[in-house]
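What follows is one structure encoded as structure tokens, with my remarks underneath.
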Amino acid sequence: MALLEVRDLHVHYGAVHALQGISLDVEEGQIVTLIGSNGAGKSTTLRAISGLVRPSSGSIKFAGRHLEGVKAHEIVRMGIAQSPEGRGVFANLTVDDNLEIGAYTRTDRAGVLSDKERVLDLFPRLRERLRQLSGTLSGGEQQMLAIARALLARPKLLLLDEPSLGLAPQIVQTIFAIIRDINKQGTTILLIEQNAHMALGAAHMGYVIEVGQIVLHDEARVLAASDEVRKAYLGVG
Amino acid sequence: MTKLLQASMDGVAVGSLYALIALGYTMVYGILKFINFAHSDVFMLGAWFSFAICGFLGYTTADHPVYAALVALIGSMAMCGALGFTIERLAYRPLRGAPRINVLITAIGVSLLLENVGQLNSNKFLAEYGIKFPFGTRPTSVPLLLPDQPLLSFALDSAHPNTLVNVLPVDVLVIGVAFTLMALLQYLVFGTSLGRAMRAVSYDAKTASLMGIDVDRVVSITFVIGSALAAAAGFLYGQKLQSLRQSADGLWVLLGLKAFVAAVVGGVGNVRGAMAGGLMIGLVEQFGAAYLSTNLRDLYVFSLLIVVLLFKPEGLLGKAVVEKV
Ligand SMILES: Nc1ncnc2c1ncn2[C@@H]1O[C@H](COP(=O)(O)OP(=O)(O)OP(=O)(O)O)[C@@H](O)[C@H]1O
Ligand SMILES: [Mg+2]
């Protein structure tokens, strides 16, 4: 049984039928990536998993428990953290406060402090800026903060929505190295990316979504080699 | 000199009442982005609840235990806290996500309801069920729960030995309670995990829920705290004036409006701004009354509002909204 099982998921925004029967599995310990063009429904899939939008039908099961109808803040307590699209750092709070908010659900103070050290080792730039208002960080730094903050929830499953968006190539490399690192240390990851090349390089499994439907899924390296994906998402051929 | 000192003291006392009320407006606005029009009525009921508690426990000006003021204060804070919780739960929560104008109209409705419920006295229908409302339709005098002898009384100007500055126990009570509550709130908002969650929700409620914060709970707590602070202001106001206008009297709305002005002057949504704005409004009003004319005290307050809105529309401590990148 996969850690996360999504079956025939439909989501509507009013008249917009954004997800039209999505099914996907995320196996424990893996990085799974969901790629697709703008408006395909990637973020909507994550929003449904996190409980921010209510599916009109279908099921989402995490570690054997149904998530439909569970409130967003309770889903975090069950072990799913999300670094949302557009980062969503709390600009009115300091970097340190943002990290603390990430650990809001936790009561093991010692564990939180040691995890904070760990993420600050991953992102040394944040350490220098702990007392700074996070609204004053650069875009790349805010992205690092959003990932670090999600890690502080110590999730079983980490949802990342376009962590490389708008970042310089070097920083993208760093972020992906960290994503692999986090995964090696035992966190399962569902990764959304427009940078299909990087995403398929890092992931174990890949899903391709087009206008609300999964059109392809396979091992990531198989997808990376397939003609369809190369043409449509890797800009080759 | 005497006038200056007296006006400063009155200004700080009145201003800290405005500040307590302004905090409720600003906290609710910070989190839900709407003006809770019923807030001035919660303040009014806070004053009346403390009066009702005195009646219930038999406290009178001449005869009351030493801790009476504390009982009346905490009692009315608890009652208004419960009221604020209920109002949010029944009237505002069902409208979460509805257009803001709907919430605004509902707030006005709640406001009218509270004013008129406060007026009921001997409604025949309700009386049959043994329900009597204590407030009635006429002003009432409030028992003073403190000694009325000045703590300090001194002449500053040797040329006018009969012009005395009086420091009354009630002034010490007003300023002491208001500043203690503001210090506690300051600690709660800026020094605790709950306060951090409140600031996060006020910036972006959806993302806050992704952090595991129960947004509905934070909203409830905000209403409870804001209403309890308004109740404290109501109690202190009753002690200071020793009389209360009836619940639908326009004076309550005017006081609420001035507190709202304080919130806007300080930067609506900003907790420290509300405190600073309240004090400023109080001082402007009392200095104007002392040095210019007592009749125009409302004018000073609203002129200050206009000046602030012209030159710093986001309020003195408010930040121009930072766009999220
Ligand atoms: N709140 C909303 N109201 C109405 N329609 C929406 C809403 N959010 C998303 N949509 C629509 O749902 C579809 C899927 O949107 P979604 O944000 O999931 O796309 P995406 O795959 O994440 O795209 P991108 O790569 O641009 O982030 C789009 O057609 C979008 O216009
Ligand atoms: Mg998206």
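Counting Lys +1, Arg +1, Asp -1, Glu -1, what net charge surrounds A:ILE214 among other residues with beta carbon under 14 Å of its beta carbon?
-4
Size of the dipole of the protein assembly as shown about the Cα centre, Lys and Arg at +1 and Asp and Glu at -1 on the beta carbon, nothing else charged, in debye to 20?
160
Simple spin-label model, 7 Å along Cα-to-Cβ: B:LYS206 to B:LEU104 in nm?
Inter-label distance under the simple model: 2.3 nm.
Mind checking which of A:ALA110, A:PHE90, A:GLY79 is farthest towards the positive end of the range A:4-233's charge dipole, using Cβ charges of +1 (Lys, Arg) and -1 (Asp, Glu) about the Cα centre?
Going by the Cα projections, it comes out as A:ALA110.
What dipole magnitude, in Debye to the nearest 20, does chain A give about its Cα centre under +1 on Lys/Arg Cβ and -1 on Asp/Glu Cβ?
The dipole magnitude comes to about 480 debye.
Give the accessible surface of the range A:4-233 per residue, rounded to a whole number of Å², with probe radius 1.4 Å and ligands, DNA and RNA excluded.
For the range A:4-233, the per-residue accessible area is 41 Å².
Given R₀ = 41 Å, what would the calculated FRET efficiency be for B:PHE56 paired with B:MET1, taking r from the Cβ atoms and rounding to 0.05?
0.35
Filter the DSSP H helices in chain B by two things, a Kyte-Doolittle mean of at least 0.0 and an axial alpha-carbon span of 20 angstrom or more, and list the hits by number.
For chain B, where a helix must reach 20 Å along its axis and average at least 0.0, the hits are B:2-32, B:39-57, B:68-87, B:100-119, B:169-191, B:215-241, B:250-266, B:271-291, B:297-311.
Excluding A:SER226 itself, calculate the net charge of residues whose Cβ lies under 14 Å from the Cβ of A:SER226, where each Lys or Arg counts +1 and each Asp or Glu counts -1.
Neighbourhood net charge equals -1.
Among B:GLY97, B:LEU283, B:ALA200, whose Cα sits farthest toward the positive end of the charge dipole of chain B (+1 at Cβ of Lys/Arg, -1 at Cβ of Asp/Glu, about the Cα centre)?
Sorting the options by dipole projection puts first B:GLY97.
Quick check: convex hull over the Cα atoms of the range B:2-311, volume per residue in Å³, rounded to an integer?
Considering the Cα atoms of the range B:2-311, their hull volume per residue is 154 Å³.
If you line up the long axis of helix A:109-122 against the longest principal axis of chain A, both from Cα atoms, how many degrees apart are they, to the nearest 10?
70
Cα-Cα over 29 Å: which of A:LYS61/B:LYS206; A:LYS71/A:LYS116; A:LYS61/B:LYS33; B:LYS33/B:LYS312; A:LYS71/B:LYS33; A:LYS42/A:LYS156?
Too far apart for the 29 Å limit: A:LYS61/B:LYS33.
For A:LYS231, tell me the accessible area in Å² from a 1.4 Å probe, rounded to the nearest 10.
Rounded to the nearest 10, that gives 140 Å².
Could you check which residue among B:ASN102, B:ASN295, B:ASN36 shows the biggest mean-square fluctuation in a GNM of chain B with a 10 Å Cα cutoff?
B:ASN295
Equivalent-ellipsoid semi-axes (√(5λ), Cα gyration tensor) for the range B:204-307, whole Å, largest first?
Output for the range B:204-307: semi-axes of 32, 18, 11 Å.
Working from Cα positions, state the angle (0 to 90°, nearest 10) between the long axis of helix A:169-184 and the longest principal axis of chain A.
It works out to around 90 degrees.
Rounded, prolate or oblate for the range B:1-117? Axes are the square roots of the Cα gyration tensor eigenvalues, ordered a ≥ b ≥ c, and the cut-off for rounded is a/c under 1.5.
Oblate shape, in that a/c is at least 1.5 and b/c is the bigger or equal ratio.
Once you have the Kirkwood Rh of chain A from its Cα pairs, apply Stokes-Einstein at 25 °C and 0.890 mPa s and quote D in µm²/s.
136
At a 1.4 Å probe radius, carbon and sulfur cover how many percent of the accessible area of the range A:35-132?
46
How much accessible area is lost when chains A and B come together, counting both sides, with a 1.4 Å probe, in Å² rounded to the nearest 100?
The summed interface area works out to 2100 Å².
Add -39500 (n - 2.57) for each DSSP H run of 4 or more in chain A, then divide by its residues: what number comes out at 222 nm, to the nearest 500 deg cm²/dmol?
About -11000 deg cm²/dmol.
Compare the peptides A:199-209, A:71-81, B:60-70 by average per-residue count of other Cβ atoms within 10 angstrom and give them in order, highest first.
A:199-209, A:71-81, B:60-70
Under 10 Å, Cα contacts only: if you run a Gaussian network model on chain B, which one of B:ILE221, B:ILE213, B:ILE101 comes out with the highest mean-square fluctuation?
Most flexible of the set in this elastic network: B:ILE101.
If you roll a 1.4 Å probe over chain B with all protein chains in place, what percent of the accessible area is carbon or sulfur?
Exposed carbon and sulfur together represent 67 percent of the surface.
Over 39 Å apart: what share of the alpha carbon pairs of the protein assembly as shown falls there, rounded to a whole percent?
I get 41 percent for the Cα pairs in the protein assembly as shown exceeding 39 Å.
Among B:SER16, B:SER153, B:SER40, which one moves the most in a GNM of chain B with springs linking Cα atoms closer than 10 Å?
B:SER153
For A:SER56, B:SER50, B:SER8, write out the residues from largest to smallest accessible area, computed with a 1.4 angstrom probe and no ligands counted.
The ranking, largest first, comes out as A:SER56, B:SER8, B:SER50.
If I ignore ligands, DNA and RNA and count only protein heavy atoms, how much of A:GLU162 is accessible to a 1.4 Å probe, in Å² to the nearest 10?
Rounded to the nearest 10, the figure is 10 Å².
Among residues other than B:LEU254 whose Cβ falls under 14 Å from its Cβ, what is the net charge (Lys/Arg +1, Asp/Glu -1)?
Surrounding charge for B:LEU254 is -2.
The values are calculated or read from the model by the stated rules, or taken from the named source; none is laboratory data. Since this is a predicted model, take the numbers as computed values, not measurements. Every residue, glycine as well, gets a Cβ built from its backbone with ideal geometry; the counts of neighbours run over all protein chains shown. Each accessible area value is taken on the protein alone, full model and side chains, heavy atoms only, with ligands, DNA and RNA left out. Shrake-Rupley method; radii C 1.70, N 1.55, O 1.52, S 1.80 Å.
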